[in-house]
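Below is one structure; the comments refer to it alone.
The values are calculated or read from the model by the stated rules, or taken from the named source; none is laboratory data. Just so we're clear, the structure is a prediction, and the values are computed from it rather than from any experiment. Note: ideal-geometry Cβ built from the backbone for every residue, glycine included; neighbour counts use all protein chains shown. Surface accessibility is based on the protein's heavy atoms, side chains included, excluding ligands, DNA and RNA. Shrake-Rupley method; radii C 1.70, N 1.55, O 1.52, S 1.80 Å.
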Amino acid sequence: MSLLKFALAAALIAAQPAAAQSPDCPGNPDALATSRIITADAAATPRIGRKHFPATLPLADKEVVLTFDDGPWPGTTSAVLDALKRECVRATFFLVGENAAAHPELARRELAEGHTVAHHSFRHPLLDHMSQAAAEAEIDRGFAAVDTALYGQPAKQPRTPFFRFPGFAATPALLDRLAARQVVVFGADLWASDWNPMSPHQELSQVLERLEASHGGIVLFHDTRQQTAAMLPAFLRSLKAGGYRIVHVVGPTT
Ligand SMILES: [Zn+2]
């Protein structure tokens, strides 16, 4: 490159506006990164996700919230965390209590790497098939198992007051009970359908098509699924290329 061309190139670079997203991602200056953080509070948004509820988070066009259910699980959860870390992206994990009890080091890694660690019951039953008392006990046991894995002991209320019903099998009485306890119930705005076996490439194409149709939103994945772990690096690159922005959701006490 001639000196003149070099000077012109340098001037052009200097004239560009500062990137909206933080480039502060070690080893990856082109990272997707987390665009902004929002707090979800049961007083304002008790139930979110348009697949099941009338409201969702106040997201702008092309803003995406990443959520992962059913872990932590050896192998796949670590791969998901590695992919998120490489892009400096923060997500929300909805943990199954017995998996958190079996693999507390993975739950603690999620927390240590800045992710939101939330709740998905203890053994993942369909809570609408149980008595109210049994369903509430199952939810509480899940809260306690996850918080014990993360913090050594449970508190009266879950540290992060976010819950997603296994199989989205809610009842009006349980929704009321969780609202009374200031727990935000998460549905989803779209999903990858990654409970169905498919190749990572098929999953990637499908979820990108759905994101384009919905203009962003809360996306549901499962960090227990190999195909999801495998497609995640390419998915995050595609979000960056497509101009999507990642929003990290935190609870009111975190
Ligand atoms: Zn689940």
With point charges of +1 on the Cβ of Lys and Arg and -1 on the Cβ of Asp and Glu, referenced to the Cα centre of the chain, which listed residue (I48, P197, G216) lies farthest in the positive direction of the dipole? G216
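At 1.4 Å probe size, put K85, K156, K62 in order of accessible surface, largest to smallest. Don't skip to the answer; put the middle values down first.
Details: K85 125, K156 195, K62 65 Å².
Largest accessible area first, the residues go K156, K85, K62.
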How much accessible area per residue does the chain have, in Å², with a 1.4 Å probe? 46 Å²
When the C-alpha atoms of the chain are aligned to their principal axes, what extent does each axis show, in angstrom, from largest down? 76, 37, 36
Rounded to a whole number, what % of the accessible area of the chain do carbon and sulfur atoms account for, probe 1.4 Å? 58 percent
Give the cross-link partners of K156 among the aspartates and glutamates, using a straight C-alpha distance below 20 Å as the criterion and excluding same-chain residues fewer than 8 apart. D41, E98, E136, E138, D140, D147, D176
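Which whole-number percentage describes the relative contact order of the chain, with Cα contacts under 8 Å and a sequence gap of 6 or more? Don't skip to the answer; put the middle values down first.
Numbers: 494 pairs, mean separation 75.5, N = 254.
Relative CO of the chain lands at 30 percent.
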Any chance you could check the Cα centroid distance between the stretch 155-234 and the stretch 89-120 for me, in angstrom? 14 Å
Ignoring everything but the protein chains, give the 1.4 Å probe accessible area of R225 in square angstrom, nearest 10. 70 Å²
Filtered hits (aspartates and glutamates, Cα-Cα < 19 Å from K240, offset >= 8 within chain) -> D24, D30, D61, E63, D82, E87, E203, E209, E212
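Suppose every K and R has +1 on its Cβ and every D and E has -1 on its Cβ; what is the size of the dipole of the chain about the Cα centre, in Debye to the nearest 20?
Details: 23 positive and 25 negative charges, 86 e Å.
Dipole size: approximately 420 debye.
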Against the longest principal axis of the chain, how steep is helix 226-241, in degrees 0 to 90 to the nearest 10, with axes from Cα atoms? 40 degrees
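Sorted by accessible area (1.4 Å probe), largest first, how do H52, H248, H103 line up? Write down the numbers at each step before the final one.
Numbers: H52 85, H248 10, H103 40 Å².
In descending accessible area the options line up as H52, H103, H248.
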